[in-house]
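Visitor: Got a structure for you, written out below as structure tokens; questions coming shortly.
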Amino acid sequence: MLSGCASAQEAAPSEGRSDKGVLANSDENSEAVGETRLVTDHADKQVEIPNEIGAVAFEQIPLVATYVAYFDGEAPNMVAASDHLTNMMDETVLADIAPEALDVDTSFDSDGVLNAETLLNLKPDVAFNNARNEQNRAALEAVGLPVVGFDTLGAPTDIYVRWLRLLEDVYNEPGKNDAKLAYGEELINDAESRAARVPDDEKRSVAVVMQAKPGMLVVAGGQEGWFTESWTDTMNFVSVTSGAQEGAMPVNAEQLLEWDPDVILVTGKGMSSMTAAEILENQVDGIDLSALTAVRNGDVYSTELGMWNWFTPGPDAPVVANWLGSVLYPDRFADVDLVAMTQDYYAQMYGYELSEQRAIKIVDPDVDLR
């Protein structure tokens, strides 16, 4: 679960937004060498790749939505992707925008077990992988595949920028995404500015529920660089698991009542099968949640799938920042029309006309229960 967000592998160097802002481009990260070029990836490794890239493969990295954003709503030359990635695309808007992304070979990564020789036989020019998964990278490199690693830990509002910039390096198109990233930065800065004005005594406490098990819930922990902690810092709320070192924590009803968060966020489809409705209607098997303040006040929220699950890194991050602000601090985001923002963002980022009905469902699939 959540293999795209973190790994137990040794951490690669991490970096945030440039001091010059998201428009700062790393042109120097690409160096020509004859018919090939050297690109420096997020593991700080130089990778020799062809000047002209055709077929690409995605190995254990949830980069597909960003790839589709890079290519303005298309997924050209995808020949392979890890099986769990194509499964996570089910019911996403991505599947509607670029259905060709689902029509790829997954045989090299059946049940999450990498077979590098099988992938080699598919003849990708380059494989994209999780920069923190050194074991899989070594296996791919051992059969002669060029591997470009993309980092996965840190603020989602930073990661999608870094992913797009590295794709610019890979395809030797510096600055291609300047306009898109400037638009995203504007949305992010506004959301963070509004949230930053919330005084300490008004910060809301939040639990992020990832899935249910008999008699307990699994909540997102406080691991450094984990998406919960990153959103906590940027959107100015208090995570009930802050300081915990786990990425995911099973907890019982007693612990939940002790925390008694003001708001519960449910990661929803693409990460788990749970929805906010199950908690609002107290339908989680073996655990009574009805006494929780968030449940009694109707402050339990989730989303339908956008381009990807909204809690994980992806190019929808600027809209997600505003969604978080709106559910946590509605008075400070009262003038933000999330539905219209989502539609406009999809038009500009992906060249896709998202219907109002679909946008409403993404933003709050359980609105009728509040």
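The values are calculated or read from the model by the stated rules, or taken from the named source; none is laboratory data. Keep in mind the model is a prediction, meaning the values are calculated, not measured. We place every Cβ from the backbone using ideal geometry, glycine too, and count neighbours over all the protein chains shown.
Visitor: Closer than 25 Å to Glu192 by Cβ, in contact with a Ser or Thr (Cβ under 9 Å, 6 or more places away or on another chain) and part of a helix (DSSP H, G or I): is that true of Trp310 in this structure?
Guide: no
Visitor: Can you find a residue in segment 330-339 that is modelled with pLDDT under 95, of a type in the set (D, E, K, R) and not assigned by TED's automatic domain parsing to the domain that holds Leu166?
Guide: Among the residues of segment 330-339, not one is modelled with pLDDT under 95, of a type in the set (D, E, K, R) and not assigned by TED's automatic domain parsing to the domain that holds Leu166, which makes the answer no.
Visitor: To continue, here is another question. If I filter segment 58-92 down to residues being assigned to a helix (DSSP H, G or I) and at pLDDT 95 or above, which single residue comes out as surrounded by the most Cβ atoms within 10 Å (Cβ to Cβ)?
Guide: My answer is Ala65.
Visitor: Exactly one condition in (1) surrounded by 18 or more Cβ atoms within 10 Å (Cβ to Cβ); (2) touching a Gly at 6+ places or on another chain (Cβ under 8 Å) is not met by Val263; state its number.
Guide: (2)
Visitor: Would you please name the residue that is farthest from the chain's Cα centre (by Cα), looking only at residues in segment 231-243 that are surrounded by fewer than 18 Cβ atoms within 10 Å (Cβ to Cβ) and not in a strand (DSSP E or B)?
Guide: Among those that are surrounded by fewer than 18 Cβ atoms within 10 Å (Cβ to Cβ) and not in a strand (DSSP E or B), it is Gly243.
Visitor: I would also like to ask the following. Scan segment 289-298 and tell me whether some residue there is surrounded by fewer than 23 Cβ atoms within 10 Å (Cβ to Cβ), without any contact (Cβ under 8 Å) to a residue 40 or more places away in the chain and closer than 17 Å to Met235 by Cβ.
Guide: Within segment 289-298, none of the residues are surrounded by fewer than 23 Cβ atoms within 10 Å (Cβ to Cβ), without any contact (Cβ under 8 Å) to a residue 40 or more places away in the chain and closer than 17 Å to Met235 by Cβ.
Visitor: Another question, if that's okay. How many residues does segment 123-152 hold that are outside any strand (DSSP E or B) and in contact with a Phe, Trp or Tyr (Cβ under 7 Å, 6 or more places away or on another chain)?
Guide: 1
Visitor: Which is touching a residue at least 12 places away in the same chain (Cβ under 8 Å), over 22 Å from Asp316 (Cα atoms) and either touching a helix residue (DSSP H, G or I) at 6+ places or on another chain (Cβ under 9 Å) or of a type in the set (Lys, Arg) (or both), of Gly154, Gly144?
Guide: Unique residue meeting the criteria: Gly144.
Visitor: Also, I was wondering about something else. What number of residues within segment 252-288 satisfy the criterion of being touching a residue at least 24 places away in the same chain (Cβ under 8 Å), on the phi > 0 side of the Ramachandran plot and touching a Leu at 6+ places or on another chain (Cβ under 8 Å)?
Guide: The total comes to 3.
Visitor: Also: Does segment 114-124 contain at least one residue that is crowded, with 23+ Cβ neighbours inside 10 Å, of a type in the set (D, E, K, R) and in contact with a helix residue (DSSP H, G or I) (Cβ under 9 Å, 6 or more places away or on another chain)?
Guide: no
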